[in-house]
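Chemist: Below you'll find the structure I mean.
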Amino acid sequence: MTTSSATTAASRRLAIDGDRLWASLTDLARIGAYTDQTTGLVGVNRQSLTDEDAEGRRLLVRWMERAGLEVTVDEIGNIFGRREGEDPALAPVMAGSHIDSVGTAGAFDGCLGVLGALEVVRSLDERGLTTRRPLVIIAWTEEEGVRFGTDMLGSAVAVGRLTLDQAYELTDSSGLAFGDELARIGFRGERPVRLEPPHAYVECHIEQGPVLLRQGLALGVVTGVQAISWQKVTLYGRAAHAGTTPTELRVDPGLAAAQLVVRVREMVDSGRYGRLRATVGHLVTSPGLPSVVPERAELTVDLRNPDDAHMAAAEADLAAFLEGLPQAQPAPGLRVETRRMARTRQVPFDERIQKTITEVASDLGHETMRLMSGAGHDAQEMAAITPTAMVFVRGQYDGISHNPREFSTPEDCAAGVTVLANTLLRLADETSDA
Ligand code: HGY
Ligand code: MN
Ligand code: MN
């Protein structure tokens, strides 16, 4: 017997199975698991389009099929699982996140959103509930951007911010092309990549920061995502003998790289750019030999700012500094090359969806707070085509993430997915586009 959606969504409350959710998170985390040499902790390395990612994708597809979903894969490898509603003609409600990870990940970043959406479907089936609108759950390709250099790639192409060709041409550090790797793992799908705007999109994600923990709250309602700027900087100098070459004759990109790292931190500390955050996450000199002055230094600069004007000013400062870097060396000859990797503006989330999440959480007995996301998410891409917002779940250990210590409790994960479930239930019973 299925409960028709004639009963209002508000009178229907959907409980989820927290143990099943936790078991799915644990099972998926085994794929790409590694033991961190320094801490002995078990982390996850499931970077996009690797064999590990392919194995995780196949497991997810099996779970989706077992949950009765109609599974499709689009031209950039985004995986969609559709659950029919009473009226298939209505635009669906979508929920998802990503299962690709950085190289030193935990078990929750992205996976909580994908497996949480799957848990919603499993729970609807268990209770024989049919929603008015179809539900579609999604695992986006290359959200992290750490292998091919552009984050939120699959969702950005789906909404048209980037093109499929731009994505296919991206290469990883060993020169392998994105398009070839996607075909190699068998996930270069047929479904056209451009997404029809759904009725709404909701993403559940671990906060990846300390705010909820410090406020003593399990859940947060996300108001938007800060601006992100990634660029690669390559500094060319002159390899020389470490012993015989007088300092005044050196063109040492290692020195210039160090000056850049200090400059980036000075920009943050100056306060001139509001709440700027800056990270040089990748820094390699070559040939990397003890008795050779480096001939090249490669760095990445990741800037984040909740304010677009401050971000633009910080980027201009950095560009001017890089322009003047050759003149700041003991000898002429340094060459600077920069390449933009990723750039997104500050993205506000939909007020109505935020309000719905807040009400649902309150009905379920949760106090929440509104907060901006420090990390990028696929939801920021979906916000361009449909009303979108996110549910944050508290992280432990000061909310550390992109680290094997990333952790949230089974209770907080279940609470976040229960709020996701009942938010989707409400949205999927809406007849008109609000
Ligand atoms: O880098 C980020 O903010 C996200 O984890 N891709
Ligand atoms: Mn994520
Ligand atoms: Mn991440």
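The values are calculated or read from the model by the stated rules, or taken from the named source; none is laboratory data. If you're wondering where the values come from, they're calculated on a predicted model, not measured in any experiment. With ideal geometry, Cβ positions are generated from the backbone for all residues, glycine too; neighbour counts draw on all protein chains shown. Surface accessibility is based on the protein's heavy atoms, side chains included, excluding ligands, DNA and RNA. Shrake-Rupley method; radii C 1.70, N 1.55, O 1.52, S 1.80 Å.
Chemist: GNM, the chain, Cα, under 10 Å: largest mean-square fluctuation among LEU112, LEU41, LEU219?
Modeler: Checking each option, the largest mean-square fluctuation is seen for LEU41.
Chemist: Hey, could you get me the Stokes-Einstein D for the range 151-295, Kirkwood radius over alpha-carbon pairs, 20 °C and 1.002 mPa s, rounded to whole µm² s⁻¹?
Modeler: The estimated diffusion coefficient comes to 105 µm²/s.
Chemist: Something else now. Taking the Cα centre of the chain as origin, work out the dipole magnitude from +1 charges on Lys and Arg Cβ and -1 charges on Asp and Glu Cβ, in debye rounded to 20.
Modeler: Dipole of the chain, to the nearest 20 debye: 460 debye.
Chemist: Taking the dipole about the Cα centre of the chain, with the C-beta of Lys and Arg at +1 and of Asp and Glu at -1, give me whichever of SER229, LEU289, LEU90 is farthest to the positive side.
Modeler: The listed residue farthest towards the positive side: LEU289.
Chemist: Let me ask something additional. Rounded to the nearest 5, what is the percent of antiparallel bridges among the DSSP beta bridges in the chain?
Modeler: If we restrict to bridges inside the chain, about 70 percent are antiparallel.
Chemist: Loop-only check: which GluC sites (Glu not before Pro) in the range 158-229 are DSSP coil with at most 14 other Cβ within 10 angstrom?
Modeler: Working: sites: GLU169, GLU181, GLU190, GLU203, GLU207; in loops: GLU190, GLU207.
Counting only loop positions with at most 14 other Cβ atoms within 10 Å, the GluC sites (Glu not before Pro) in the range 158-229 are GLU190.
Chemist: Pull up all non-local amide H partners of GLY85: gap of 5 or more, or a different chain, and H-to-H distance under 5 Å with H placed in the peptide plane.
Modeler: Hits under the 5 Å cutoff: LEU135.
Chemist: Compute a Gaussian network model of the chain, connecting alpha carbons closer than 10 Å, and tell me which residue from ALA313, ALA379, ALA158 fluctuates the most.
Modeler: Sorting by GNM fluctuation, first place goes to ALA313.
Chemist: Please compute the net charge surrounding SER401, taking Lys and Arg as +1 and Asp and Glu as -1 over other residues with Cβ under 9 Å from its Cβ.
Modeler: Cβ neighbours under 9 Å give a net charge of -2.
Chemist: Mind listing the phi-derived Karplus ³J(HN,Hα) values for the range 78-84, rounded to whole Hz, using 6.51, -1.76 and 1.60 with θ = phi - 60°, and x for any glycine or proline?
Modeler: Using θ = phi - 60°, the values come out as 4, 9, 10, x, 9, 10, 5 Hz.
Chemist: Considering only the other residues whose Cβ falls under 11 Å of the Cβ of ALA313, what net charge follows from Lys and Arg at +1 and Asp and Glu at -1?
Modeler: Once positives and negatives cancel, what remains is -3.
Chemist: So what's Rg/Rh here for the chain, counting alpha carbon atoms and using the Kirkwood radius for Rh?
Modeler: With Rh from the inverse mean 1/r over Cα pairs, Rg/Rh is 1.02.
Chemist: Same structure, new question: Positive end of the dipole of the chain, charges at C-beta (+1 Lys, Arg; -1 Asp, Glu), about the Cα centre: which of TYR34, VAL73, VAL114 has its Cα farthest in that direction?
Modeler: Final value for the positive-end residue is TYR34.
Chemist: Counting only heavy atoms of protein chains, what accessible area per residue, in Å², does the chain have with a probe of 1.4 Å? Could you put the intermediate results ahead of the total?
Modeler: Working: 17850 Å² over 434 residues.
For the chain, the solvent-accessible area averages 41 Å² per residue.
Chemist: Could I ask something else about it? Calculate what fraction, in whole %, of the accessible area of the range 185-335 sits on carbon and sulfur atoms when a 1.4 Å probe is rolled over the protein chains.
Modeler: 53
Chemist: Here is a further query. For the range 161-312, give the magnitude of the charge dipole about the Cα centre (Cβ charges: +1 Lys/Arg, -1 Asp/Glu; no others), in debye to the nearest 20. It would help to have the intermediate numbers written out before the result.
Modeler: Details: 16 positive and 18 negative charges, 61 e Å.
That gives the range 161-312 a dipole magnitude of about 300 debye.
Chemist: Below 12 angstrom from the Cβ of THR388, what's the summed charge of the other residues (Lys, Arg +1; Asp, Glu -1)?
Modeler: Result for the local shell: -4.
Chemist: Please turn the phi angles of the range 98-109 into ³J(HN,Hα) values with the Karplus equation 6.51 cos²θ - 1.76 cosθ + 1.60 (θ = phi - 60°), one per residue in order, whole Hz, x for glycine and proline.
Modeler: Once θ is set to phi - 60°, the couplings for the range 98-109 become 9, 10, 6, 10, 6, x, 10, 9, x, 9, 10, 3 Hz.
Chemist: Report the Stokes-Einstein translational diffusion coefficient (µm² s⁻¹, integer) for the range 228-344, Rh taken as the Kirkwood radius over Cα pairs, at 10 °C with viscosity 1.306 mPa s.
Modeler: Taking Rh from Cα pairs, D becomes 108 µm²/s.
Chemist: Here's something else I'd like to know. Using a Gaussian network model on the chain with a 10 Å cutoff between Cα atoms, which of THR245, THR150, THR171 fluctuates the most?
Modeler: THR245
Chemist: Here is a further query. List, in order, the whole-Hz ³J(HN,Hα) value for each residue of the range 231-240 obtained from phi through the Karplus relation with A = 6.51, B = -1.76, C = 1.60 and θ = phi - 60°; use x for Gly and Pro.
Modeler: Computed from phi, the couplings for the range 231-240 are 9, 9, 10, 10, 10, 9, x, 9, 4, 7 Hz.
Chemist: Separate question: Per the 1.4 Å probe, what fraction of the accessible area of the range 16-131, in percent, lies on carbon and sulfur atoms?
Modeler: 49
Chemist: Rg over Rh of the range 228-269, using C-alpha atoms and the Kirkwood radius, what does it come to?
Modeler: 1.11
Chemist: Restricting to Cα atoms and excluding each atom paired with itself, what does the Kirkwood estimate give for the range 96-183 in Å?
Modeler: Computed over Cα pairs of the range 96-183, the Kirkwood hydrodynamic radius comes out at 14.6 Å.
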